[in-house]
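Enquirer: Sharing a structure here in structure tokens format.
The values are calculated or read from the model by the stated rules, or taken from the named source; none is laboratory data. Computed from a prediction, not measured in an experiment: that's the story for all the values here. Cβ placement follows ideal geometry from the backbone for every residue including glycine, while neighbour counts extend to all protein chains displayed. All accessible areas refer to the heavy atoms of the entire protein, side chains included, with ligands and DNA or RNA removed. Shrake-Rupley method; radii C 1.70, N 1.55, O 1.52, S 1.80 Å.
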Amino acid sequence: MAENYRVDFEKSRAALQSILLRSLPEDGDFPTPVCGFMLHRHSRGHAPKANFYDPVIIVVVQGKKWVRIGTEDIQYGEQTCFIAGINMPVSSCVLEASEDKPFLSMSLELDKSLLAGLAAKVPPPAEDRIQSSAGAAVQEVSPELLDAFLRLLELLESPGQAEVLGDLIRQEIYYRLLTSPFGYHLRMLSTLGSQSHQINKAIMWLRENYKESLHVEKLAGRLNMATSTFHKYFKEITTLSPLQYQKRLRLSEAQRLMLSGDYDVTQAAFAVGYESATQFNREYKRLYGESPRKDIMKMKNVTESRSLRMRY
């Protein structure tokens, strides 16, 4: 049984590796005709960076990555995948990558409404679930899940089929996730009335209203939850307090505005709800390790350098 698992897994991984190397001659993050499906290649590691992951599954085909979920540091690579069921604050970086053996991965955004609809039809997983309340986790990749990703990747070579068949394979991937160890948590996040679903609603409200002053008691009241209960479950699922989560949202959005080139540091700070540019600079540097101006310059230089390599 174990031997068959290994043969099936390695066969699919080798095929995925071949297609990705052929499809990605340069480093970068590349969208595909399948909505929410992206391909990634990196020839070198980099320093850890704070990120916000939308609901997503990331499958590594070659190399290794590091991610911090709350206070837990996890390495994942060719036999594991990262899954986020909510908009999850993490820190991450590529650990193993080189010119000869680049880091290769695929990511697929998870549509929460489609996932919820399928969860109502799929029986709960029989195996033990992941013993964590966090809205993200790393787990083993089954040969069936890897094969589904292989068929999704192969569709890219037949663009006419990708739009129709891509949705069918996406449903299969969702099914595989719902019946996996993390499936219980994905199910709870979309089950009406569950604590996890209530926190998911709070996250969606915060994402839409991150500029406003946050009164935790009022937000808890919107969900008909006691403030202490709300705070407890929010931190268990997101690994941050509501106020810390809002701060990360503001800083992430400010970074996006500055990268777009339309906002300078002060304009971005005020646009996301800060009343003091000094406080914004201090909190940005604490999270990202550089001042806003220096960090954005570095990121733009990397993007420009990559564009030049692709052009020539």
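Enquirer: How large is log10 I(q)/I(0) at q = 0.10, 0.19 Å⁻¹ when the Debye formula is applied to the Cα atoms of region 9-165, each weighted equally and without solvent?
Expert: Values returned for q = 0.10, 0.19 Å⁻¹ are -0.36, -1.37.
Enquirer: Would you calculate the convex hull of the Cα atoms in region 74-138 and tell me its volume per residue in Å³?
Expert: 127 Å³
Enquirer: Moving to a separate point now. With the dipole of the chain worked out from charges on the C-beta (+1 for Lys and Arg, -1 for Asp and Glu) around the Cα centre, which of 56, 259, 46 lies farthest toward the positive end?
Expert: Result: 259.
Enquirer: How high is the relative contact order of region 165-312, in percent, counting Cα pairs under 8 Å that sit 6 or more residues apart?
Expert: On the way: 98 pairs, mean separation 20.5, N = 148.
Relative CO of region 165-312 lands at 14 percent.
Enquirer: What is region 1-147's relative contact order, in percent, from Cα pairs under 8 angstrom and six or more apart in sequence?
Expert: 29 percent
Enquirer: Is there a quick way to get the dipole size of the chain? I mean about its Cα centre, with the Cβ of Lys and Arg at +1 and of Asp and Glu at -1; what is the value in debye to the nearest 20?
Expert: Details: 39 positive and 37 negative charges, 198 e Å.
Here the chain has a charge dipole of around 960 debye.
Enquirer: Let me ask another. Taking only C-alpha pairs under 8 Å that are 6+ residues apart, what is the relative contact order of the chain in percent?
Expert: 15 percent
Enquirer: Can you give me the % of accessible surface on the chain that is carbon or sulfur? Probe 1.4 Å, all protein chains present, nothing else counted. Intermediate values should be presented prior to the final figure.
Expert: Details: 8010 of 15950 Å².
Carbon and sulfur atoms account for 50 percent of the accessible area of the chain.
Enquirer: For region 242-306, state which GluC sites (Glu not before Pro) are in a DSSP loop and have at most 13 other beta carbons lying within 10 Å of their beta carbon.
Expert: 275
Enquirer: Between region 95-118 and region 211-232, what's the alpha-carbon centroid distance in Å?
Expert: 33 Å
Enquirer: For 231, 197, what's the largest-to-smallest order of accessible area, 1.4 Å probe? Intermediate results must be reported in sequence, preceding the final value.
Expert: Details: 231 75, 197 30 Å².
Greatest to least solvent exposure: 231, 197.
Enquirer: Please report the spacing between the Cα centers of region 177-206 and region 233-298 in Å, no decimals.
Expert: 27 Å
Enquirer: Another question, then. Rounded to the nearest 10 Å², what accessible area does residue 216 have for a 1.4 Å probe in the complete protein model?
Expert: Spelled out: residue 216, probe radius 1.4 Å, area about 20 Å².
Enquirer: What is the sum of charges, Lys and Arg at +1 and Asp and Glu at -1, for the other residues whose Cβ falls under 12 Å from the Cβ of residue 155?
Expert: -2
Enquirer: Over region 87-233, with the other protein chains present, what is the accessible area per residue in square angstrom, probe 1.4 angstrom?
Expert: 49 Å²
Enquirer: Rounding to the nearest 20 debye, state how big the charge dipole of region 25-136 is about its Cα centre with +1 on each Lys and Arg Cβ and -1 on each Asp and Glu Cβ.
Expert: Around 200 debye, computed over region 25-136.
Enquirer: For region 148-175 and region 8-23, what is the separation of their C-alpha centers, rounded to whole Å?
Expert: Computed from Cα coordinates, the inter-centre distance equals 16 Å.
Enquirer: Lys and Arg at +1, Asp and Glu at -1: add these up for the other residues within a Cβ distance under 10 Å of residue 41 and post the number.
Expert: Computed value for this residue: -3.
Enquirer: A follow-up question, please. Enter the accessible area of residue 222 (Å², nearest 10), with the probe set to 1.4 Å and all protein chains included.
Expert: Spelled out: residue 222, probe radius 1.4 Å, area about 150 Å².
Enquirer: So, one more: Using a 1.4 Å probe, what is the accessible area per residue for region 246-292, in Å²?
Expert: 50 Å²
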